[in-house]
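> Have a look at the structure that comes next, please.
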Amino acid sequence: MTFVRFAARVEINVAALSGLGAVGNYNQVAVAKVIYDGSAYEVPVLTGNALKHWHAVYAAEEYLQMGGKCINALCKMGVGLRGYTHDSNWAQWKVAANECEAILDFCNDLHGFLIAEGGRSTKRDSLVKVSFATPVLEGKNLEATSKFAVQHNRVVAEKVRQEVGEQAMMLFKQEYASGLYGLYVRLDLDKVLQPMFDPCEVKHIGCSAEFDVKKEASLRKRAAVSALLKLLLGAGSKQARALPIADVKEVLVAASKAPLPNLVHPAYPDYCEKSLDVLNTYKSMTGSDVIVLYYGGGPCARGEVKRVGTLKELFDELLKVVDGGGTS
């Protein structure tokens, strides 16, 4: 089963979220307007772009840990520059000649690219799509969710301070936010190692002596799913100063061999009930099998949902499903 819909609620505290910009020595977090009960609220958010970046970083980590070989230097280093061949390195860049050559690299394959060089255009849509993470749309949570600034200072060696002056110890302020957040990730993994637009064939070009398309595709799917756990507990724009204080409250996952509609974003108070309604409607129209897993203490306790008690159980079941098995 290669279509996965992943909705989660995470309580985060003192997180830098997505950076908006800096005014002098004041670093802001991104904000957006959301609607609740007919009123607009300006709230701190994590952008889908930031979350997508961190998914690529964590997925590459998982892929390498699992023994993956077809990955270029940019992907290994977490640099979001796509479209280069799997063997690109810092000394010599080589733009991929076509989509099949590009997707030998893990990040190009999973997160897409656009090549616009030499009068030609080659692209690939991302197989991973990520929503904004926004505060859960409930009155108390919206009132409690806030952004605030914390003052920091840069500490330097005494010799540097003497040469540069007091500005070497310049104070700066960074904005942070706390609250219960909902995020949503869509994984369409049916196209792993398959070209979308170029009429070409994926061939082994030196990235792994044991290269097998079927086995490699399975490895990549597992890495993409495994990265979701790290995304839940580690996403943020400035992790060095503010690795999020996070607690996973709920996770709702749907998986199928057939393309699935999106779930209702977990920012909505009744996301679970409405998501199950969407899935049941889809199943009645198509006859497709859909496996639904739920972790947490919320209201998702209906008969068609398999409730799990731990995150380990949830991810064990999800990986089993993605590998082609099923829930027990």
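Throughout, read-outs are computed from the coordinates displayed, never taken from laboratory work. Please read these numbers as outputs of a predicted model, since none were measured by experiment. Quick reminder, even Gly has a Cβ in these numbers, built from the backbone with ideal geometry, and neighbours come from all protein chains shown.
> Using amide H atoms built in the peptide plane, which far-off residues or other-chain residues are under 5 Å from G112 H to H?
Placed amide hydrogens put L127 under 5 Å from G112.
> Could you order the peptides 20-27, 33-40 from most to least packed, using the average number of other C-beta atoms within 10 Å per residue?
On the way: 20-27: 12.5, 33-40: 10.6.
Ranked from most to least packed, the peptides come out as 20-27, 33-40.
> So for the chain, averaging the separation of alpha carbon pairs under 8 Å that are six or more residues apart and normalising by length, what relative contact order in percent results?
On the way: 680 pairs, mean separation 87.8, N = 328.
Taking the mean separation of contacting Cα pairs over the length of the chain, I get 27 percent.
> Another question, then. Per-residue HN-Hα couplings for the range 138-152, Karplus 6.51 cos²θ - 1.76 cosθ + 1.60 at θ = phi - 60°, whole Hz, x for Gly and Pro?
Here the 3J(HN,Hα) series is 10, x, 5, 5, 5, 5, 7, 5, 8, 10, 7, 10, 10, 8, 10 Hz.
> Run through the range 49-154 and list the chymotrypsin sites (Phe, Trp or Tyr not before Pro) located in a DSSP loop whose Cβ has at most 14 other Cβ atoms within 10 Å.
Answer in residue order: W90, W93.
> For Cα pairs less than 8 Å apart in space and 6+ apart in sequence, what is the mean separation divided by the residue count of the range 71-214, i.e. the relative contact order in percent?
Values: 226 pairs, mean separation 36.1, N = 144.
This gives 25 percent for the range 71-214.
> Evaluate the Debye formula for the chain with equal point scatterers sitting on the alpha carbons, no solvent, and hand back log10 of I(q)/I(0) at q = 0.10 Å⁻¹, in q order, two decimals.
-0.66
> While we're looking at this one, here's another question. As an exercise, use a Förster radius of 35 Å and the Cβ-Cβ distance of A116 and V156 to find the FRET efficiency, rounded to the nearest 0.05.
0.25
> How large is the helix-only mean residue ellipticity at 222 nm for the chain, computed as the sum of -39500 (n - 2.57) over DSSP H runs with n ≥ 4, divided by its residue count, in deg cm²/dmol to the nearest 500?
On the way: 10 runs with 100 residues, N = 328.
That comes out to -9000 deg cm²/dmol.
> Can you list the residues, at least 5 places off or on another chain, whose amide H is less than 5 Å from the amide H of K123, using H built in the peptide plane?
I115
> Considering only DSSP beta bridges where both residues belong to the chain, give the percentage that are antiparallel (nearest 5). Intermediate results must be reported in sequence, preceding the final value.
Numbers: 59 of 64 bridges.
Around 90 percent antiparallel, to the nearest 5.
> Here is a follow-up. Tabulate in residue order the Karplus-calculated ³J(HN,Hα) for the range 271-277, using 6.51 cos²θ - 1.76 cosθ + 1.60 with θ = phi - 60°, rounded to whole Hz; enter x for Gly and Pro.
4, 5, 4, 6, 5, 5, 5
> Please give the contour-minus-distance gain from K94 to L64: 0.36 nm per residue of separation, less the Cα-Cα distance, rounded to one decimal in nm. Walk me through the intermediate numbers first.
Values: separation 30, 0.36 × 30 = 10.80 nm, distance 2.18 nm.
Length gained between K94 and L64: 8.6 nm.
> With the contact rule set at Cα under 8 Å and sequence spacing of 6 or more, what percent relative contact order holds for the range 169-328?
On the way: 138 pairs, mean separation 32.0, N = 160.
It comes to 20 percent, rounded to a whole number.
> Multiply the residue gap between Q239 and L171 by 0.36 nm, knock off their C-alpha separation, and tell me the result in nm, one decimal place.
Details: separation 68, 0.36 × 68 = 24.48 nm, distance 1.91 nm.
Extra length available between Q239 and L171 comes to 22.6 nm.
> Still on this structure, please answer the following. When a/c is below 1.5 the answer is rounded, else prolate if a/b is larger than b/c, else oblate, so apply that to the range 188-328 with a ≥ b ≥ c taken from the square roots of the Cα gyration tensor eigenvalues. Don't jump to the answer; show the numbers that get you there.
Numbers: a/c = 1.98, a/b = 1.29, b/c = 1.54.
Judged from the Cα gyration tensor, the range 188-328 comes out oblate (a/c at least 1.5, b/c at or above a/b).
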